[in-house]
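This report concerns only the one structure given below.
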Amino acid sequence: MKTYDVIVIGLGAMGSAAAYHCAKRGANVLGLDANAPNHTLGSSHGATRAIRETYFESPEYVPLCQRSYNLWRELEQDSGKSLLATNGAIYVGPKEHPMLKGVASAAEQHSLPIERLSRDEVKTRFTGFVLPDGWEGIFEQRGGVLQSEMCLHAHTELARKHGAELKFGVGETTWHKNKAGHFVVKTENDEFESASAILTLGPWACNALRDLNLPINGRRITIVHFDTAEPARYSQADFSVQFWATPEGVYGGFPHIEGEGLKIMRHDTGDVCTPQTARRDVTEADRADVVDFAKKYMPYANGGITKSLVGLYTMTPDNHFIIDRHPEFENVAYATGFSGHGFKFAPVIGEVLADMVLDGSTRHPTNFLKAARFGKS
Ligand SMILES: Cc1cc2nc3c(=O)[nH]c(=O)nc-3n(C[C@H](O)[C@H](O)[C@H](O)COP(=O)(O)OP(=O)(O)OC[C@H]3O[C@@H](n4cnc5c(N)ncnc54)[C@H](O)[C@@H]3O)c2cc1C
């Protein structure tokens, strides 16, 4: 049986970054994924993902986010690809909404620059937006957009360049501990052994890690792309990403991007599912929320729907990630529960997981993400 220092199972955003960081440090790495590269069944597909620093979910993420910005820039240098553009994030909603308060609080705690904009200032600067009375905006200069498919590709290609063996389309693997206490993973046709392992299973973790009783759930999200006859109203020159705290729900999206149109989605709803049960077609009813949002708040996004996609979140009850050690294996780390906001952190999560299995602990402040907060070991 072939043996490795580290086996990474699941090569989405998190696993590809983990494989890269382990291989870059000289570990002998095997990466396995059930599905083909660029598959659309999990959480990491699609051309774009948002990145932002004034982290409204909790200021505790800010140092991790800052490390991620640096690692994305390093990845750009190592891959020779342009992966990150930072034309700013615009947050809008009622002044007292937790999202706006969260942005302001993260900015204050970490001395990050933000611009507070009155409703009129938002309307003048972002002419495609409609804001009700009593709303305001916050603009964060460092908010940006990641070319997510290219990011994944850069991590996998550079992992290979550093000697990692990555195998896609191997089907859902299973694993156990052998008599020597080593990690053994089985595919349909092979078995591999390693001293340590990283499990980055996305929404598949809900089933595959069920023995750990983690409070995680898959959630089905609909993404809608709109055309516009007036792209200048939603220009990349003005912003990279937008976040809306409306009374109807929390929405997010990107400016008009040639070939992509305007990508908009609702963040705070979606049917509970697993990758096995998720419905993959998109009906008019699935799109209704986003279409109503666009009509009301972005009325120039009226050139018709160009495409709709389904993606899966892996939710935790507090919307924070879970990064921990597997309680039943010597040296196995896992990361899951990214709750729809993990992509931007992929390189730092890769570094954290590499630290955990190669060094025994991580230098990064991730204690707040341990499963123990749910009473799990
Ligand atoms: C529509 C959408 C929009 C989002 N927008 C943003 C955003 O703007 N900014 C942001 O920061 N985050 C965003 N996120 C969240 C972010 O994309 C996810 O947190 C991230 O992609 C999760 O990556 P992952 O590697 O954990 O999961 P996945 O990408 O799902 O990867 C898991 C992989 O594991 C493989 N696998 C599972 N089980 C097995 C097994 N037993 N054996 C072998 N392989 C297995 C699967 O095939 C899969 O490839 C968004 C998510 C979605 C769905």
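Derivation of every value follows stated rules applied to the coordinates shown; laboratory data play no part. Nothing here was measured: the structure is a model prediction, and the numbers come from that model. Positions of Cβ are backbone-derived with ideal geometry, glycine not excepted, and every protein chain shown enters the neighbour counts.
Using unit Cβ charges (K, R positive; D, E negative) and no other charged atoms, how large, in debye to the nearest 20, is the dipole of the chain about its Cα centre?
Magnitude of the dipole: close to 200 debye.
To the nearest 500 deg cm²/dmol, what mean residue ellipticity at 222 nm is calculated for the chain from DSSP H runs of n ≥ 4 alone, each contributing -39,500 (n - 2.57), summed and divided by the residues?
-7500 deg cm²/dmol
Sequence gap at least 6, Cα distance under 8 Å: using those rules, report the relative contact order of the stretch 6-109 to the nearest whole percent.
Value for the stretch 6-109: 24 percent.
If each of A85 and A372 carries a label point 7 Å out from its Cα toward its Cβ, how far apart are those two points in nm?
4.4
Relative to the compact globular guide of 2.2 N^0.38 Å, what is the alpha carbon radius of gyration of the stretch 271-377, as a ratio?
Dividing the Cα Rg of the stretch 271-377 by 2.2 N^0.38 Å gives 1.45.
Which one of Y334, P98, I223 is farthest out on the positive end of the charge dipole of the chain, using unit charges on Cβ (Lys, Arg +1; Asp, Glu -1) and the Cα centre as origin?
Farthest towards the positive end: Y334.
Can you list the GluC sites (Glu not before Pro) in the stretch 177-214 that are in a DSSP coil and have 16 or fewer other beta carbons within 10 angstrom?
For GluC sites (Glu not before Pro) across the stretch 177-214 that sit outside H, G, I, E and B with at most 16 neighbouring Cβ atoms in 10 Å, the list reads E188.
If you keep only loop residues by DSSP, which GluC sites (Glu not before Pro) in the stretch 282-377 have at most 12 other Cβ atoms within 10 Å of their Cβ?
E328
Compute the distance in nm between two label points, each set 7 Å from the Cα along the Cα-to-Cβ direction, one at Q141 and one at A229.
Result: 3.8 nm between the two label points.
Any idea what the relative contact order of the stretch 110-178 is, in percent, if you count C-alpha pairs under 8 Å spaced at least 6 apart?
Relative CO of the stretch 110-178 lands at 26 percent.
Within straight cross-link reach of K95, meaning Cα distance under 27 Å, which lysines are found once same-chain residues fewer than 8 apart are removed?
Leaving aside lysines fewer than 8 places away in the same chain, those within reach of K95 are K123, K263, K295, K296, K344.
Counting only residues 5 or more places away or on other chains, whose amide H sits under 5 Å from the amide H of H326 once H atoms are built in the peptide plane?
Long-range HN contacts for H326: V332, A333, Y334.
Over the chain, what is the mean sequence separation of C-alpha contacts under 8 Å (at least six apart), divided by residue count, expressed as relative contact order in percent?
24
Go ahead and collect, in residue order, the members of the stretch 35-66 whose backbone nitrogen is under 18 Å from a label point 7 Å along the Cα-Cβ direction of R125.
Only 51-56 pass the distance filter.
Counting only residues 5 or more places away or on other chains, whose amide H sits under 5 Å from the amide H of L83 once H atoms are built in the peptide plane?
none
Shape of the stretch 318-367 from its Cα gyration tensor (a ≥ b ≥ c, root eigenvalues): rounded if a/c is under 1.5, otherwise prolate when a/b > b/c, or oblate?
Verdict is oblate for the stretch 318-367.
Go through 54-65, 209-220, 16-27, 172-183 and give me the packing order, highest mean Cβ count within 10 Å leading.
Going by the mean number of other Cβ atoms within 10 Å, highest first, we get 16-27, 54-65, 209-220, 172-183.
With label points built 7 Å along Cα→Cβ from the Cα atoms of K167 and S361, find their separation and express it in nm.
Here the modelled spin labels are 3.6 nm apart.
Could you give the length gained by full extension between E157 and T277, i.e. 0.36 nm per residue of separation minus their alpha carbon distance, to one decimal place?
40.1 nm
So what's the projected area for the chain, the Cα convex hull averaged over all directions, in nm²?
That works out to 17.8 nm², a quarter of the Cα hull's surface.
Kindly work out what percent of the DSSP beta bridges joining two residues of the chain are antiparallel, to the nearest 5.
Taking every DSSP beta bridge within the chain, about 70 percent pair in antiparallel fashion.
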